[in-house]
């Protein structure tokens, strides 16, 4: 497989609401030999069989809030920062792939992960939608951020088209396209609603 | 139809509209059609942003933080 190289002046981020396909995106990028940075502080489990692909066990938002996360260290690599963390990105040069997913599936997945039925599901839904709108608007108006919006359900339906779009966004060739498509394991991502 | 360079994108608008805008900016501080259109679009986008920020309250933010803690994304 041909190793890919990203611009070392740019911070690359995979983002989106929690449980909306961010780990799958990291897995696709990693599968295509695109530089990604993650550790194994939070190991794979039933909720993310192939791993979380996160730094610091996913808890970098606290560090971003306190301006303690060494983001420049990760220039030229993709890292995962979930949506709320984007509020605290310092000025820089960023390329972000932002994933969205059918909201009911996201809620189902959250309930499954916290092993508890959400008794305020409609309230949680409204809260996620509000946060999503807020973050999307914030990143759209920042001149130091280039963003590509993707949809988890659409990636599962049409992986080739979506991955080509991602490679185009990153100005990368399609040499590893098939390897990237192969990482989309439909057996794992079966918990989707038909009305997505 | 769009043309893109590193920092700017060229967008086509109907000629009659462009003429009207040129008339409108005569005698104002806008030096070109592009600077006026950029100004108007920025205003629209930032007002969208303000509306959304107003809708997202401190209470909403606390709910987000509670969810992130439950999912292991925040200490």
Shape box of the protein assembly as shown [Cα atoms, principal axes, largest first, Å]: 65, 48, 42
Coordinate range along principal axes, alpha carbons of the range A:120-189, Å, largest first: 43, 37, 13
Ranked list, fewest to most other Cβ atoms within 10 Å of each Cβ, for B:39, A:53: B:39, A:53
Highest-fluctuation residue, A:106, A:22, A:124 considered, GNM on chain A with Cα pairs under 10 Å: A:124
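May I ask you to derive the relative contact order of the range A:11-181, considering only C-alpha pairs under 8 Å and at least 6 residues apart, and to give it as an integer percent?
Values: 245 pairs, mean separation 48.9, N = 171.
Once normalised by length, the contact order is 29 percent.
Once the Cβ-Cβ distance between residue A:49 and residue A:175 is put in as r, and R0 is 30 Å, what FRET efficiency do you end up with, to the nearest 0.05?
Values: r = 27 Å, r/R0 = 0.90.
Efficiency for this residue pair is about 0.65.
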Residue of A:27, A:178, A:17 that the Gaussian network model of chain A assigns the largest fluctuation, springs spanning Cα pairs under 10 Å: A:178
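To one decimal place, what Kirkwood hydrodynamic radius in Å is obtained for the range A:1-154 from all pairs of distinct Cα atoms?
Evaluated on the range A:1-154, it is 16.0 Å.
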GNM top mover of A:133, A:176, A:11 - chain A, alpha-carbon springs below 10 Å: A:133
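Every number in this text was worked out from the coordinates using simple rules, so none of it is lab data. In this text the structure is predicted, and so the values were computed from the model without any measurement. So basically every Cβ, Gly included, is an ideal-geometry build from the backbone, and we count neighbours across all protein chains shown.
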